[in-house]
1. Given a Förster distance of 25 Å, report the FRET efficiency between LEU110 and ASP86 from their Cβ-Cβ distance, rounded to the nearest 0.05.
2. Treating only the Cβ atoms of Lys and Arg (+1) and Asp and Glu (-1) as charged, compute the dipole magnitude of the stretch 71-115 about its Cα centre; round to the nearest 20 debye.
3. At a 10 angstrom cut-off on C-beta neighbours, averaged per residue, how do the peptides 47-53, 97-103, 60-66 rank from highest to lowest?
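Just so it is clear, none of the values below were taken in a lab; they were calculated from the coordinates. A quick note: this is a predicted structure, and the numbers were derived from the prediction, not measured. All Cβ positions, glycine included, derive from the backbone under ideal geometry; neighbour counts span all protein chains shown.
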Amino acid sequence: GVDGLGGGGGGGGYNGVIAANGGNGGSGTVILAFTAADLAIDPVPSQILAAGGELLRDVRLFDVYEGPGILPGKRSTAYSMTLRSDEGTLTDDHADEVMANVLTALREKLGAERR
């Protein structure tokens, strides 16, 4: 996996490809949870899609948390992202590359930190 993105220990984080299909294409779902300043959530999925490249097909917010364990003025959000390759089997290396690109963009644009 991507350095510093391994899941485990209390929820969230990059959990790798959960499901994959072989054949003429491959697809899988990855989970990303991060904290950032209390900001509008609406533009985040489009920023994730833009950073994810052609393999990232869908982004869905599934959790928002503010409270104990999250610094004041910050919000934790978690997204489910669908990756798909029309060229061949989707691999962990593909998912790692997409996640690294997404996290770099979110750090630069939002000051986001992996949860």
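1. E(calc), rounded to 0.05, equals 0.25.
2. 560
3. 97-103, 47-53, 60-66
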